[in-house]
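Structure record follows, encoded as structure tokens.
The values are calculated or read from the model by the stated rules, or taken from the named source; none is laboratory data. This is a predicted model, so every value here is computed, not measured. Every residue, glycine as well, gets a Cβ built from its backbone with ideal geometry; the counts of neighbours run over all protein chains shown.
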Amino acid sequence: MTPSAITVSGLRKAFKDKSVLDGVDFDVPAGTIFSLLGPNGAGKTTTVNILTTLMKADGGTARVAGHDITADAKAVRAAIGVTGQFAAVDELLTGRENLQLMVDLSRVPAKDGKRVVADLLDRFDLTEAAGKHASTYSGGMRRKLDLAMTLVGNPKIIFLDEPTTGLDPRSRRTMWTIIRELVADGATIFLTTQYLDEADQLADRIAVLDQGRLVAQGTPDQLKRQLPGTHVRLRFTSGAELDAAARIFPDATRDDEALALRVPSDGGTKSLRSLLDRLDEHSLSAEEFSVHTPDLDDVFLALTGHTAEAAK
Amino acid sequence: MSKSHSAVMLRRNVKHLTRNPTSVFNAVLMPVVMMLMFVYMLGDAFSVGVDYVDYATPGMLLMAVCYGLGAVATAVNSDMTKGIINRFKTMDVSGGAVLTGHVIASVLTNLIAIAAVLGVAFALGLSPNASFTDWLGVAGIVLLLSIAAAWFTIALGLFAKSPETAGMAVLPLVMLPFFSSALVPADKMGPGLKQFAEYQPFTSIIETLRGLLAGTPDSTDTITAIAWCVAIAVIGYVWARRSFTKRA
């Protein structure tokens, strides 16, 4: 068995009388990517804040890198790197100065500082912009600098709180590549995200957080098996048509409000053709036709019976 | 650890001052403008028993401290709300190191503004009768006030929701000198305001400076002024350290 990088048991936290975390348990094996998936307000950032010693839990225990987060906070801090939800870069300093600041505050020996900074700038493609103030950086560049700053001192366990929120698709892909490289180098990643595809792409294990409780945990494949899966959504113009269609697709689920029908399908051309043929046979035509792959909303609908939106 | 976190933090704050000269410029310009407006433009209209520039300079020194505070509160708050303080905390940088950097930067800005105000005051004919020890007293009181105001401002900055509200939160500190004996003696004010002006902390500080510059220091005023400064500094310090530890 691989040793655990993070073990959490019965973690609880409330702000005033509002419970934010209500007994959370999980275990992250060293050298893997663990993703905490959930909508805004589910308690993701609170979990990160507690595990990174920024906040005290009301109950439960957690060990990070083998150290208890309350009894041995200093040892925890020495082992982790944290990238918060907003790019925490100093805008009045240049990219290089930001990294040098981290070197000066870390355990990196002063004589290695210049090399560490140059290597990180190079690795994150920031060498060209290194002399410019961070205030002139694009969102993607800021995020990269932010992550580079976290990596000064080679932390074993890296916390990334929504590292790609607000990034354009290309910067997102770059970030994913970087995260994979970190794990290949032996780091453990604790990642929070609101995007199912991101967790699916990166994580070895996913835990789904909803209103302070974990509603599901497992590998991406295990979780997807619990999902409604790919389906075709047909929208009709009248209730009578919806009724008729529901009769010919008995395994479909209907949404009376939207006059829509969700028909399970693998999304392949063959099954789509047969579906359309059956509609034709009964002289039915749908107003709108779309193939739908599961997203976070479906995960929540399947696991909790309410949508991610409603969880807010 | 060979590298001192406090020194690193201070260097960062000083770098901020040189990178963002408008904040220093504002902190210097406003008190100088006030000085010119009240002394050069309106000064002859006030009758306070002495040359108006001699009367107004102590209050202007106080304003030189206060006008720098808005930028300090905004800077501290943006460190907090943008996650920079959280980053420092997870790197085991102490609150003492982070906050002291801000305090020293604030005091440095104040000293520049004070030097400018004094320069203008002398140009407008300031003629103090202070001895060398009196001048040391002036320097001591101004420094004490500057440190106290910085800690209190930093506490406000850490507490405020956003950089904008942090800037607003120090506004009372900027306004308070107007309701003191800075520009006119408190006993010339209307009822209510007069009592307020007599007992608020800035009046005792201004009266102390006035006494020292005139070469006739008043020990009651001085003790009251020092007590106010120490109280403000302690409240600010305790509040700031608590906010730093608690807020994530």
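Numbers below:
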item: The range A:220-254, residues that are in contact with a Lys or Arg (Cβ under 7 Å, 6 or more places away or on another chain) and assigned to a strand (DSSP E or B); result: A:His231, A:Arg233, A:Thr253
item: Total residues in the range B:25-61, condition over 22 Å from B:Pro128 (Cβ atoms), touching a residue at least 12 places away in the same chain (Cβ under 8 Å) and surrounded by fewer than 19 Cβ atoms within 10 Å (Cβ to Cβ); result: 2
item: Entirely in the range B:23-122, the helices (runs of 4 or more DSSP H) that have 3 or more residues that are more than 24 Å from B:Ala233 (Cβ to Cβ), more than 13 Å from every other protein chain (Cβ to nearest Cβ) and within 22 Å of the chain's Cα centre (by Cα); result: B:52-66
item: The range A:108-123 - residue that is in contact with a Lys or Arg (Cβ under 9 Å, 6 or more places away or on another chain) and surrounded by fewer than 22 Cβ atoms within 10 Å (Cβ to Cβ) and, of those, nearest to A:Val48 (Cα to Cα); result: A:Leu121
item: Selection status of B:Tyr237, farther than 19 Å from B:Val138 by Cβ, among the hydroxyl-bearing types (Ser, Thr, Tyr) and crowded, with 16+ Cβ neighbours inside 10 Å; result: yes
item: Matching residues in the range A:37-78 - criterion: being over 13 Å from A:Val8 (Cβ atoms), within 12 Å of chain B (Cβ to nearest Cβ) and not in a helix (DSSP H, G or I); result: A:Thr53, A:Leu54, A:Met55, A:Lys56
item: Per-region count, the range A:104-151, residues within 12 Å of chain B (Cβ to nearest Cβ), over 24 Å from the mean Cα position of the chain (by Cα) and either more than 24 Å from B:His16 (Cβ to Cβ) or among the hydroxyl-bearing types (Ser, Thr, Tyr) (or both); result: 5
item: Options A:Val183, A:Val215: the member that is assigned by TED's automatic domain parsing to the domain that holds A:Ile80 and in a strand (DSSP E or B); result: A:Val215
item: For A:Phe34: the one exception among (1) more than 13 Å from chain B (Cβ to nearest Cβ); (2) in contact with a helix residue (DSSP H, G or I) (Cβ under 9 Å, 6 or more places away or on another chain); (3) among the aromatic types (Phe, Trp, Tyr); result: (2)
item: In the range A:1-31, residue farthest from the chain's Cα centre (by Cα) [restricted to those that are acidic (Asp, Glu) and part of a strand (DSSP E or B)]; result: A:Asp22
item: Filter result for A:Leu37 (crowded, with 23+ Cβ neighbours inside 10 Å, farther than 20 Å from A:Thr219 by Cα and touching a residue at least 40 places away in the same chain (Cβ under 8 Å)); result: no
item: Complete set of residues in the range A:79-103 that are part of a helix (DSSP H, G or I) and within 7 Å of another protein chain (Cβ to nearest Cβ); result: A:Leu101
